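What follows is a structure written as structure tokens; I'll ask about it next.
No lab work stands behind these numbers, since they all come straight from the coordinates. Remember, predicted model here, so these are calculated numbers, not experimental data. Cβ coordinates were reconstructed from backbone atoms using ideal geometry, including for glycine residues, and neighbour counts include every protein chain displayed.
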Amino acid sequence: MGHRRTNYGYEKGLIMKAIHKFLFIAACCVSIQAFAAEKLSVGELLDRYAENQDKMKSLIARTESAWIPSAESTTEKQPQQNQSKSIVEFRYEDTGKDFKAYFCRTPLKLENDGTWVEENASRSTKILWRDKRYYQYYKGPRLAVSKLYLTADAKHAGKELIDIAYDGVGPFRGILCRDIERIDSILRQSDSLSVRPDLDRVGSVKCYVIDAVSRHGTYTIWFDPEHGYGIAKAIVRKGPEDLRRGRPRSYYTCSFDNSTEVMQNVRFERVNGIWFPVEFERLSNREYEDRTQSGRTPYKVTHLDVNPDHKDLGSFSLEGLGIQNGTRIRIGDAPGKPLRTEYTWQAGKKFVVDEWDGRIQYVPEDWSIQVGIGRELPAFEGIDLDITAEDIRDKAILLCFFNMNQRPSRNCLLQLRTRAKELMAKDVVVVAVQASKIDDSVLNEWVEKNNISFPVGMIQSDEEKTRFTWGVRSQPWLILTDKGNIVRAEGFGIDTLEEKIKEISPL
């Protein structure tokens, strides 16, 4: 019996040694793998961060953020009374082909009993970005001051969108305060960029730390490998010459000396396989020539819906802005062009961006521009023109919209008269349309007197709608098709006609 116990103990000892040896080897392997995993380059870290960010294709979020000034601010002697708070609703969808976003910011005010209540709705701001157009709606306390700003200038839109994003939406898109680009894009453009050799603990997680110096400022970013390589902490310092919102100091009327923004105490949640920063605190310190502004902004997501049915919800409809009839509309067609006030908001109308010159027009819902390069010429509906399908079969068409009462139009038709036979020999049919209604006898008399041999017609129905449909921006307006009746050129001068014809040869 004793001998058997001895053997048993000996065998048990061997087994335990083998187990310990196995565990030791396994631990070494794990340590080697973990060590290897920690050796990530800057590019690899940014790629992993971008991978999580790029998953955010569609969502709805509501956030609350509050600005709490510090006692050190030289402009706030009574910090408690200068607190501000706002609720932001954010809707976003990126299909890869188009981008749509909706923001609504509602400010809150602090009552004497310490509770926050919603301010008058007239102070809320709503922003919509869709179809490469940006809408900002401000509902004033009186109808006369309600305004809708509309532009196709993406740069201007980006600035305004980010202004609201600072109230809490920015972290979803990876945009830090005073920037308009995602942080990984900014870091990749940096003059100096490095990852620290050692990980640094933020909370319970060891994070990678990247240091960068760029024209946007100086950045220190902690990337959390346990939460989609999201930003667990960030310090952004900007000096007087660093870009703010992508613009140089000279762009602003006020002067900045130095500013520091800190993002900290981040809490992440995973929804549909995506890590979101749902709570954090931002510390701010901004130095101006005559004052210092500092404080903190607690931020929290109160609602999050990933991949919602935006179409069913009407997330990106103009109706969702709740625009009042009579609201003044100010339009900026393109970068560098001043805003123009031309319209007032009316039910049953829509905005159309003219592909020809980028001009934005406000027209009835049933209006559309049907003529453009690459499109087939439409039927001559609403135009009295003596021409048949057989007349233009297998022939190119040179169409001229003109106004007989304007000298440039008359001169254009007289020049076409001298070239009509030459053009016909090249299988180009010339036709002209009087772009506004005049007395038939007056038009016919002028045509006969000037020996105009090609067909001349006149708009009969709604003149403005017909000109809009045909894309007539000025008069005379020339349109040239190929033999398949596909528009190949429009809006060119008659002096370049021969060149345009050669471009569509062989006819």
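Could you give the length gained on full extension between Asp462 and Ser41, defined as 0.36 nm per residue of separation minus the Cα-Cα distance, in nm?
On the way: separation 421, 0.36 × 421 = 151.56 nm, distance 6.56 nm.
Taking 0.36 nm per residue and subtracting the Cα distance, the gain is 145.0 nm.
Shifting gears a bit: Report the gain in length on full extension from Ala347 to Asp98: 0.36 nm times residue separation, minus Cα-Cα distance, nm rounded to one decimal.
Details: separation 249, 0.36 × 249 = 89.64 nm, distance 2.61 nm.
Fully extending the segment from Ala347 to Asp98 adds 87.0 nm.
Using the Kirkwood formula over every pair of different C-alpha atoms, what hydrodynamic radius in Å results for the range 362-414? Walk me through the numbers on the way to the answer.
On the way: mean 1/r = 0.0710 Å⁻¹.
One decimal place: 14.1 Å for the Kirkwood radius.
Here is a further query. How many nm separate the modelled label positions at Lys426 and Asp357, each set 7 Å beyond the Cα in the direction of the Cβ?
2.7 nm
With θ set to phi - 60°, apply the Karplus curve 6.51 cos²θ - 1.76 cosθ + 1.60 along the range 446-455 and write out the HN-Hα couplings as whole Hz, x wherever there is a Gly or Pro.
Per-residue couplings from phi come out as 5, 4, 5, 4, 9, 6, 6, 8, 8, x Hz.
Given a Förster radius of 60 Å and the C-beta distance between Asn411 and Ser317 as r, what FRET efficiency does 1/(1 + (r/R0)^6) yield to the nearest 0.05? Don't skip to the answer; put the middle values down first.
Values: r = 47 Å, r/R0 = 0.79.
E(calc), rounded to 0.05, equals 0.80.
Something else about it: What ranking do Cys207, Cys104 get, fewest neighbouring Cβ atoms within 10 angstrom at the top?
Details: Cys207 23, Cys104 20.
Listed from fewest to most nearby Cβ atoms, that is Cys104, Cys207.
Further, regarding this structure: Which ordering of Leu176, Leu497, Leu313 is given by a fewest-first count of other beta-carbon atoms within 10 Å?
The most exposed by this proxy come first: Leu313, Leu497, Leu176.
Right, another one. Express the C-alpha Rg of the range 228-299 as a ratio against the empirical globular expectation 2.2 N^0.38 Å, rounded to two decimals.
Working: Rg = 15.3 Å, N = 72, 2.2 N^0.38 = 11.2 Å.
My calculation over the Cα atoms of the range 228-299 gives 1.37.
Can you give the three extents of the C-alpha atoms in the range 381-507 along their principal axes, from longest to shortest, in whole Å?
Here the Cα extents, ordered largest to smallest, are 40, 30, 28 Å.
Once phi is turned into θ = phi - 60°, what whole-Hz ³J(HN,Hα) does the Karplus curve with 6.51, -1.76 and 1.60 give for every residue of the range 187-197, x standing for Gly and Pro?
With the stated coefficients, the range 187-197 comes to 5, 5, 8, 5, 6, 10, 8, 8, 10, 5, x Hz.
What is the spin-label model distance, in nm, from Asp386 to Ser474 if the labels are put 7 Å beyond Cα along the C-beta direction?
Label-label distance for Asp386 and Ser474, simple model: 3.2 nm.
Please give the contour-minus-distance gain from Asp394 to Ile68: 0.36 nm per residue of separation, less the Cα-Cα distance, rounded to one decimal in nm. Display every interim value, and only then the final one.
Working: separation 326, 0.36 × 326 = 117.36 nm, distance 7.40 nm.
Extra length from Asp394 to Ile68 when fully extended: 110.0 nm.
A further question follows. In the range 184-340, if every C-alpha pair distance is counted and binned at 5 Å from zero, what percent goes to each bin?
Once binned at 5 Å, the Cα pair distances of the range 184-340 give 2, 7, 11, 13, 14, 13, 14, 14, 8, 3, 1, 0, 0.
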